[in-house]
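Please read the structure below before turning to the comments.
Derivation of every value follows stated rules applied to the coordinates shown; laboratory data play no part. Since the model is a prediction, treat every value here as computed from it, not as a measurement. Cβ sites come from the backbone with ideal geometry, for glycine too, and all protein chains shown count toward neighbours.
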Amino acid sequence: MAERNIRLRVNGATSEGIAEPRVTLLDFLRDTLRLTGTHMGCEHGICGACTVMFDGAPVRSCLIFAVQAEGHDITTVEGLADEAGELSVLQDCFWETHALQCGYCTPGMLIAAQALLHRNNDPDDDEIRDAISGNLCRCTGYGQIVEAIRLAADRLNQRTNPGDRP
Amino acid sequence: MKAAAFDYTRPRDLPGLLRQLSGSTDAKIIAGGQSLVPMMAMRLVRPALLVDINDVQDLQNITLEDDCVAIGACTRQADAEASEVIRQHLPLLAKALPFVGHDQTRNRGTVGGSLAHADPSAEIVLVAVTLQAELTLARADGERSAATDDFLDGPMTTTLEEDECLTAIRFPRWTEAGRVGVGFHEVSPRAGDFAVVAAAAQLLLDDDGVCRRAAVAVANTTPMPLRLAAVENALVGAAIDQNTARDAAALAGALIDPPSDLHASAAGRRHMARTLIERAILDAAGPAVAGGQTHG
C-alpha cells in the first residue's frame, strides 16, 4: 500500500518519516527515525520492552501503527536523559541498585516507571509492582527494579521538598 | 510478525466513519488495537482497509443517564477506570477494570473494543453479561440496539454486521432504594494475564441486610460468560452471610461445564468457580456481612 508521510513529536521535537500503514510505531521509531533505544521483544504485546509514552501515557509501541501516531506526542527512553546527556534520576537509580543485567527490558521498564512517578510521586512497593507488571525481565527477578524505582521516588521527593525527608 | 499490507483511514466523525464502512468490503475497525494488532501481526486477520475510530470524539463520552451509564465504545479502559461517574454509579465495572491487562494496554484498549472482540475471558464482557448491558450498533442508514446476550454469538464472535460499528454501551444502574454492593474475583497465572476463571456479583441490599436483587455471573466455565439464575434466586430474600453465600455459590455447579486445558483441569475450574463466586457474593454483601461462622 501507498507509503505516507508521518509527522509526529518525538522527545519534544517534530519528527517526520515515510512509512506504509502496516509499519508499527516501534519499527518506525527504530528503523525510520533511528531511535534504537526502544527495544523490540515479542512484537505482539506481551513483553513490554517496546513501551513508550503516547501523549504522556505508557503504551506498547508494537501495538500501534506509526500512521496512528500522526500528530501525537511520543517519549522514548532517549527522551528521559537531559539535554546534556546526563542520566535522569531514575536512570541513575537503576544503575546504582543494579536494576538491570542484560538491559533488554530496561527501556520499557524505565518508561513504565517514569510514567508511574509522573502520576504518583510516592508509590509503595505494590503500586510499583503493578506499574511494571506488564514488563517482563528475565535477569533481575524484579527486586532491584522495584528498589530502583523506590529510590528514585525518594530522591525526587528530596529534590522537590528539601527537608521533608531525612 | 509483521502485519500484511492494508490501506488506512481515520475518519473525524461518526457519519464519515459509517460511510467508510458501508462503502468498503473487507474493512476492519481499529479502536485500541490491543487484540487486533497482535492478530494482524500473526496474520490471523488481514483486512484490506483499517478504519481507525480514535478521532471520533462522539465515541469517547461517559454519560450518566437516569437508568444507566452510557459509555462511548472508544472510551479508553484507563479513562473508564479513572472516571468518577463509573466509580460512583457503575461500581462493578470500576472493580473489574484493574484486572484488564496492564497500564500500558488499558491506556490504549477501549471498553467497546473488548466487547466487539468478545474474548470469553474478558472482564468487561463478564460485567456486560452480569448487568445485561444494552449495546448501540450504528450503520450508515440508522442504528439498532442489542442486548449483550444477543450481541455475543460465541467465543470471539458477535452479531455485529460488516458495515456496523458498536458506538455505545449502556450499563444499567440499579436505582431502587437500598445499598448496591459489588464483588469481582479472578484467578490468573500472573497479574494482568487472561483469567482462568472469573466471577462477578452485584447485590441490592435493604436496611436489614436482606438481598432484594442479585446478578451473579461466571466466565470461563462455559463457552461464554454465564448469568447464574439459580444462584441469584437463592440470594434474593435472604440475609447474606457466609453460609448463604457458600450454599448459593454451590448451585453454580449444575449450570457450568468447564473445559480442561493447559491452564486448569475441569475439576480445578469447578473449584475455582465455586470459590470465586462465593467471594464475589461476600464482597458484594459488604463488610457488615452477618455471621462469619463456618459450618460444623
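Measuring nothing but how far apart in sequence close Cα pairs (under 8 Å, 6+ apart) lie, relative to its length, region A:4-79 scores a relative contact order of 39 percent. Can you give me the angle between helix B:266-285 and the longest principal axis of chain B, using Cα atoms only, in degrees from 0 to 90, rounded to the nearest 10? Once rounded, the angle reads 80 degrees.
Springs join every pair of Cα atoms under 10 Å in this Gaussian network model of chain B, and among B:133, B:191, B:168 the largest mean-square fluctuation is at B:191.
To the nearest 10 degrees, how steep is helix A:106-119 against the longest Cα principal axis of chain A, on a 0 to 90 scale? Helix A:106-119 and the main axis of chain A meet at about 70 degrees.
The spread of Cα positions in region B:7-52, taken along each principal axis and listed from longest to shortest, comes to 31, 20, 12 Å.
Where the alpha-carbon atoms of region B:162-207 are placed on the principal axes, they occupy 43, 37, 13 Å, in descending order. Taking all C-alpha pairs of region A:4-79, those more than 17 Å from each other amount to 31 percent. Taking region A:99-120 and a reference point 7 angstrom along Cα→Cβ of residue A:78, no backbone N atom is nearer than 13 Å. Taking A:43, A:70, A:147 as the candidate residues, the one with maximal mean-square fluctuation in a Gaussian network model of chain A, Cα springs under 10 Å, is A:70. In plain terms, the residue of B:207, B:247 with the fewest other Cβ atoms within 10 Å comes first and the most crowded comes last, giving B:207, B:247. Note on chain B: GNM, Cα springs under 10 Å; of B:241, B:66, B:58, the largest mean-square fluctuation is that of B:66. When Rg and the Kirkwood Rh are both derived from Cα coordinates, the Rg/Rh ratio for the protein assembly as shown amounts to 0.99. FRET efficiency for the residue A:98 to residue B:257 pair, using the beta carbon distance and R₀ = 56 Å, is estimated at 0.65. For region B:164-245, trypsin sites (Lys or Arg not before Pro) are listed when DSSP marks them as loop and at most 14 other Cβ atoms sit within 10 Å of their Cβ; the list is B:190. For region B:60-171, what D do you get in µm² per second when you plug the Kirkwood radius from alpha-carbon pairs into Stokes-Einstein at 10 °C and 1.306 mPa s? Translational diffusion coefficient: 115 µm²/s. Convex hull volume of the Cα atoms of chain B, normalised per residue: 130 Å³.
Can you give me the C-alpha center-to-center distance between region B:5-53 and region A:49-97, rounded to a whole angstrom? The two parts, judged by their Cα centres, are 27 Å apart.
Taking other C-beta atoms within 10 Å as the exposure proxy, A:137, A:42 rank A:42, A:137 from fewest upward.
Estimated at 0.36 nm per residue, the fully extended path between residue A:138 and residue A:157 surpasses their Cα-Cα distance by 3.8 nm.
Taking Cα atoms only, the orientation of helix A:143-160 departs from the longest principal axis of chain A by about 80 degrees. Taking every alpha-carbon pair under 8 Å whose residues sit at least 6 apart, chain B reaches a relative contact order of 15 percent. How big, in percent, is the set of alpha carbon pairs in chain A lying more than 19 Å apart? Considering chain A, 55 percent of its Cα-Cα pairs are separated by more than 19 Å.
A Förster distance of 41 Å, applied to the separation of the beta-carbon atoms of residue B:1 and residue B:67, puts the FRET efficiency at 0.35.
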